[in-house]
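Chemist: Would you mind keeping the following structure in view while I ask a few things?
Values in this text are rule-based calculations from the coordinates and carry no lab data. In this text, all values refer to a predicted model and were calculated from it rather than measured experimentally. Cβ sites come from the backbone with ideal geometry, for glycine too, and all protein chains shown count toward neighbours.
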Amino acid sequence: MQYRHIWKKLQLEIDTQEIVVITGPRQVGKTTTLHWLLDKIPSKNKHYFDLENLIDRELFETKNYDSLIHDFQTRGLSTNERLYIALDEIQLLPNLPSVVKYLYDHYKIKFFLTGSSSYYIKNRFSESMAGRKIVYEMFPLCFQEFLDFKGIKHVLPENLSLDMDFPISTFELLQDHYEQYIEFGGLPKVVLTANVERKKQLLEEIFSSYINLDVQTLSDFKSTNDLRKVIKLLASRIGSRLNVSELSNITGLSRITVDNYIEFLEQTYLIRTIPVFSYSQDVQNRLLKKPYFVDTGIANVNADLSSGSKFENTIAHQLSLYGDLSYYANRDGEVDFILNYHGNPLAFEVKETPTRSDDETLKRRIQNLDISQSRIIGKEKSIRFTKYLWGGLIK
């Protein structure tokens with residue numbers, strides 16, 4: 001079993017009172033995490049329920065919540081001491097929040113829950129679970145985790161460092177691995193598969209399961225074909241400003257429908273959108289956002305991406321693990337990413353093969369902003385320019 005960085009924080013939750021909710025995209029390892037957490041609990045008074053299993057699901061569909069205690073007892077569990085219950089795929093049961101709330105309030109039960117929809121968590125759980133839950137988001141592997149999963153004994157810098165020059169020896173050691181990370185993304189099962197064709201097949205299967213399970217379960221969309229059209233258009237527009245009217249005209253769908261699709265895709269962790277950088281919330285809400293896919297491998301399933309788009313999407317994922325992202329635009333051009341890093345904005349421009357001119361342009365574009373640090377992020381080795389951050393050094 002491969003270790004995820006988030007597990008260190010989750011292990012600390014074993015002895016807390018709150019309900020722990022783990023949410024994130026399909027196939028990032030939420031189920032594995034539940035089993036790992038249960039294994040870390042020394043007590044035998046614990047049980048895992050898979051709500052994709054009809055028998056387990058029917059158990060929690062009861063209207064008599066106290067009857068669940070009898071069902072727990074038939075499994076050798078006791079509520080006379082602390083009981084640990086893990087529930088997987090909670091979005092499949094609309095009434096589950098009330099069940100969990102009742103059991104939490106009346107019995108000594110510690111719950112660990114997983115779900116693949118932030119919409120469900122925020123809208124169904126927020127009202128009934130106020131003060132009772134803590135939510136963790138799991139995402140595809142960061143590059144350090146990718147290396148760990150591949151058995152590569154190399155430790156990347158813990159923090160973002162903007163004063164490093166291009167690392168020739170590290171680049172030569174990790175370049176091929178970083179290229180794989182860019183091409184196929186960071187879903188654990190895909191990373192652990194060696195065969196390239198099998199990786200592609202797995203990505204297609206994971207995307208199909210998203211359509212067939214998450215979309216069918218969590219939405220009331222009339223046509224998944226229309227949704228697929230929007231997904232493909234978003235994949236082909238990675239890093240470009242998101243013009244909903246244009247997408248509406250291309251697909252023949254109403255603007256409201258396209259907006260609803262995009263909101264759903266965000267809340268079920270297929271895509272992320274980043275706003276324009278501004279100290280005014282009104283400006284951020286008014287101007288066009290830019291779309292990225294949460295996993296680059298899934299983006300590749302939906303469009304024939306250029307190498308630049310794959311790289312930029314990968315950097316969006318890597319940087320997003322450090323803080324909130326936005327982009328900046330003025331008459332002179334755009335800055336790809338502004339990262340809120342511990343309360344300080346950092347500016348980044350993504351270039352496959354950086355040049356000194358790229359660095360000078362970036363500094364010029366942010367000179368009127370209250371941003372003191374900037375850096376070009378590169379993918380390839382530049383012949384004459386070394387003052388840039390190699391993407392493979394971003395943890």
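Chemist: Using only the alpha-carbon atoms, how far is helix 307-320 inclined from the longest principal axis of the chain? Give it as 0 to 90 degrees, nearest 10.
Modeler: 50 degrees
Chemist: Something else: Could you put 226, 15 in order, starting from the residue whose Cβ has the fewest other Cβ atoms within 10 Å?
Modeler: Result, fewest neighbours first: 15, 226.
Chemist: Regarding segment 290-360, what whole-number volume in Å³ per residue does the convex hull of its Cα atoms give?
Modeler: Here the figure is 105 Å³ per residue.
Chemist: Treating the angle as unsigned and between 0 and 90°, give the value, to the nearest 10°, between the Cα long axis of helix 255-267 and the longest Cα principal axis of the chain.
Modeler: Taking the Cα atoms of the chain, the angle to 255-267 is about 70 degrees.
Chemist: Could I ask something else about it? For every other residue with a beta carbon closer than 9 angstrom to the beta carbon of residue 14, add +1 if it is Lys or Arg and -1 if Asp or Glu, then tell me the sum.
Modeler: 0
Chemist: For a 23 Å ceiling on Cα separation, which of these pairs sit above it: 9/387; 153/395; 8/189?
Modeler: 9/387
Chemist: Treating the beta-carbon of each Lys and Arg as +1 and of each Asp and Glu as -1, no other charges, what is the dipole magnitude of the chain about its Cα centre, to the nearest 20 debye?
Modeler: 200 debye
Chemist: Any idea what angle helix 196-209 forms with the longest principal axis of the chain, computed on alpha-carbon atoms, 0 to 90 degrees, nearest 10?
Modeler: 60 degrees
Chemist: Could you work out the local net charge near residue 65, counting Lys and Arg as +1, Asp and Glu as -1, over the other residues with Cβ closer than 13 Å to its Cβ?
Modeler: -2
Chemist: If the cut-off is a Cα-Cα distance under 17 Å, which lysines reach residue 101, setting aside same-chain residues fewer than 8 apart in sequence?
Modeler: 63, 110, 122, 133
Chemist: Then there's this: Using the crude model of +1 on Lys and Arg Cβ and -1 on Asp and Glu Cβ, and no other charge, please compute the dipole size for segment 112-236 relative to its Cα centre, in debye to 20.
Modeler: Here segment 112-236 has a charge dipole of around 720 debye.
Chemist: Shifting gears a bit: What fraction, in whole percent, of alpha-carbon pairs in segment 7-137 exceed 19 Å separation?
Modeler: Here the long-distance tail beyond 19 Å is 44 percent of all Cα pairs in segment 7-137.
Chemist: Where Lys and Arg each count +1 and Asp and Glu each count -1, what net charge lies around residue 350 among other residues with Cβ under 15 Å from its Cβ? Could you put the intermediate results ahead of the total?
Modeler: Numbers: positive: 290, 310, 351, 365, 375, 379; negative: 312, 334, 336, 349, 352, 358, 359, 380.
After counting each charged neighbour, the total is -2.
Chemist: Can you compute the modelled spin-label distance between residue 32 and residue 53, with each label point 7 Å from Cα toward Cβ, in nm?
Modeler: 2.0 nm
Chemist: Here is a follow-up. Once you place label points 7 Å from the Cα toward the Cβ at residue 192 and residue 165, how far apart are they in nm?
Modeler: 4.1 nm
Chemist: I've got another one for you. For a quick protection proxy, order the peptides 265-271, 219-225 by their average other-Cβ count within 10 Å, most packed first.
Modeler: Ranking, from highest mean packing down: 265-271, 219-225.
Chemist: Based on DSSP H runs of at least 4 residues, each adding -39500 (n - 2.57), what is the mean residue ellipticity at 222 nm of the chain after dividing by all its residues, to the nearest 500 deg cm²/dmol?
Modeler: -11500 deg cm²/dmol
Chemist: Of 93, 319, 17, whose Cα points farthest to the positive end of the dipole of the chain (charges on the beta-carbon: +1 Lys, Arg; -1 Asp, Glu; origin at the Cα centre)?
Modeler: About the Cα centre, the residue reaching furthest to the positive side is 319.
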